[in-house]
Amino acid sequence: MNDLLQLEKSHLWHPFTPMQAWCDEAHEPLMLVSGKGCMLTDQHGREYLDGNSSIWTNIHGHSHPTIQAAIHAQLERVAHTSFLGFTHEPAIRLGKQLVDLLPDSALTRVFYSDNGSTAIESAMRMALQFWKQNGHPGRDTILAFERAYHGDTLGAASVGGIPIFKGSGNDFGYRVQRVPCLEALDHLTKEQTSRLAAVIVEPLVQGSAGMRMWPHGILAALSAWCRERDIFLILDEVMTGFGRTGTMFACQQEDVVPDFLCLAKGLTGGCLPLAATMTTERVFEGFLGTGRAFYYGHSYTANQLGCAAALGSLQVFREERVMEALPAKIQLMAGLLTSLRDLPAVIDIRQCGLIAGIEITPGSPNEQRGVKICLAARKHGLLTRPVEDTLVLMPPLSVTDSEMQRMVHALRLGIEEVC
Ligand SMILES: *Cc1c(COP(=O)(O)O)cnc(C)c1O
């Protein structure tokens, strides 16, 4: 075990991680070796509740037998074949099932890629190329919101509005019009509005901004604004998709159908990397005609194992009536979170479905209270990560009542210990 951790520190490099502290002799990295349901087990056999669904991906718990079986069955046939010039059954079946999740909507085309960032890239590049080749080359700008997060690749990061995710702080990628809120749209000049190809937004809740909830009605109003001006609406449901907010997709809560719906994290139930960008026949038809194609793609587009896992996950949704069990769990979470309000350090509690942000008083600069609280909660059997001073609780949808109680209790102990 110690040999492994020595190799880890000698050769690996982790995302968004200050590696000097990570490699410090005194730091023993947590190595996760197995998972079952909401529980994860580390190198010493200690168990933890997966309080943030393994960075917002897991839906039905770890090692779910239905998803495992779907992956195994596909593995017996073939693990991966190219989607460039070929097709395969899992991708076709999954495409149809995704379309059927939004019945009678205009979203009838599915474009696969690998992760959330590429789902966003695909949508933005489709939007820009659509206008360019269909008589509106001047529509070259994407409107995005302050504090938005849409991923880390160059293009996805260019519409992001959180400075730390830009690292160097440089602006790069697409032409972006950034606005703080919906009201700001009224202050755009005619010239600015006429250049917009699309608006991109995280519906209902901005995740990486610290689980910041949009006021009710904003999404529907934004959709109407776009429609009046024939500007595409791109919804980033990479985090909110697949039941997380209480409905299958967040947009359904305000009866909004976007021009592009971006899905990733929970698509495979959180088992394998796969993403889908869903769009309309109108957009699709804008790419028809001799010599026209959407010039974008990745080697692992529509990976067969990933598609099989996603089909397995959707099967679990149906067979276990996952959506029907959610309202009671969401209510239980709300009640348990309320009990944290007596802690003086807790200044705000935000919840949307099974997504919760518990904001604490910032403490002194560089104190990193959020990080410290999560480390303290780890000793009480909870794994999660804060967004600055907001503690995140986002259990798998399969979470049981007692697991939820233990999660909130561990968080309470962590807060009490640090604050
Ligand atoms: C995680 C996330 C992304 C990026 O997804 P990756 O798979 O990490 O590239 C994009 N948008 C939102 C809202 C996310 O939460």
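The values are calculated or read from the model by the stated rules, or taken from the named source; none is laboratory data. Every value quoted in this text rests on a predicted model; they were computed, and no experiment measured them. Every residue, glycine as well, gets a Cβ built from its backbone with ideal geometry; the counts of neighbours run over all protein chains shown. These area figures cover heavy atoms from the full protein model, side chains too; ligands, DNA and RNA do not enter into them. Shrake-Rupley method; radii C 1.70, N 1.55, O 1.52, S 1.80 Å.
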So which of 246, 241, 266, 270 ends up being outside any strand (DSSP E or B) and surrounded by fewer than 22 Cβ atoms within 10 Å (Cβ to Cβ)? 246
Name, by its number, the condition in (1) open to solvent by 40 Å² or more (accessible area, probe 1.4 Å); (2) of a type in the set (Gly, Ala, Ser); (3) not in a loop (DSSP other than H, G, I, E, B) that does not hold for residue 144. (1)
In the stretch 224-238, residue nearest to the ligand (Cβ to nearest atom) [restricted to those that are open to solvent by less than 10 Å² (accessible area, probe 1.4 Å) and over 12 Å from the mean Cα position of the chain (by Cα)]: 234
Check the stretch 152-163 and report whether any residue there is open to solvent by 20 Å² or more (accessible area, probe 1.4 Å), acidic (Asp, Glu) and at pLDDT below 95. yes
Can you tell me how many residues in the stretch 55-87 are part of a loop (DSSP other than H, G, I, E, B), more than 16 Å from the ligand (Cβ to nearest atom), out of contact with any Ser or Thr (no Cβ under 6 Å at 6 or more places or on another chain) and closer than 14 Å to residue 309 by Cβ? 4
State whether one or more residues within the stretch 75-82 are open to solvent by less than 30 Å² (accessible area, probe 1.4 Å) and in contact (Cβ under 8 Å) with a residue 60 or more places away in the chain. no
Could we say that residue 71 is under 27 Å from residue 314 (Cβ atoms), open to solvent by less than 60 Å² (accessible area, probe 1.4 Å), among the β-branched types (Val, Ile, Thr) and in contact with a Lys or Arg (Cβ under 9 Å, 6 or more places away or on another chain) here? no
Here are some residues: 42, 3, 50. Which one is open to solvent by less than 40 Å² (accessible area, probe 1.4 Å) and without any contact (Cβ under 8 Å) to a residue 24 or more places away in the chain? 42
May I ask you to list pairs of residues, at least six apart or on different chains, whose Cβ atoms are under 6 Å apart, with the first in the stretch 279-300 being more than 21 Å from residue 107 (Cα to Cα) and assigned by TED's automatic domain parsing to the domain that holds residue 105 and the second being among the charged types (D, E, K, R) and surrounded by 10 or more Cβ atoms within 10 Å (Cβ to Cβ)? 298/114; 300/114
If you check 93, 109, which single one turns out to be touching a Ser or Thr at 6+ places or on another chain (Cβ under 8 Å) and over 30 Å from residue 16 (Cβ atoms)? 109
In this structure, does residue 259 turn out to be more than 10 Å from the ligand (Cβ to nearest atom), more than 15 Å from residue 126 (Cβ to Cβ), more than 14 Å from the chain's Cα centre (by Cα) and open to solvent by 10 Å² or more (accessible area, probe 1.4 Å)? no
Every residue from the stretch 99-140 that is open to solvent by less than 50 Å² (accessible area, probe 1.4 Å), in a loop (DSSP other than H, G, I, E, B) and either of a type in the set (S, T, N, Q) or within 15 Å of the ligand (Cβ to nearest atom) (or both): 105, 114
Out of 335, 270, 306, I need the residue that is at pLDDT 95 or above, within 16 Å of the ligand (Cβ to nearest atom), within 30 Å of residue 415 (Cβ to Cβ) and not polar (S, T, N, Q). Which one? 270
Residue 18 being in contact with a Lys or Arg (Cβ under 9 Å, 6 or more places away or on another chain) and at negative phi: no
Strands (runs of 3 or more DSSP E) fully within the stretch 312-411 counting 2 or more residues that are free of Cβ contacts under 8 Å to residues at least 24 places away in the same chain and open to solvent by 10 Å² or more (accessible area, probe 1.4 Å): 346-352
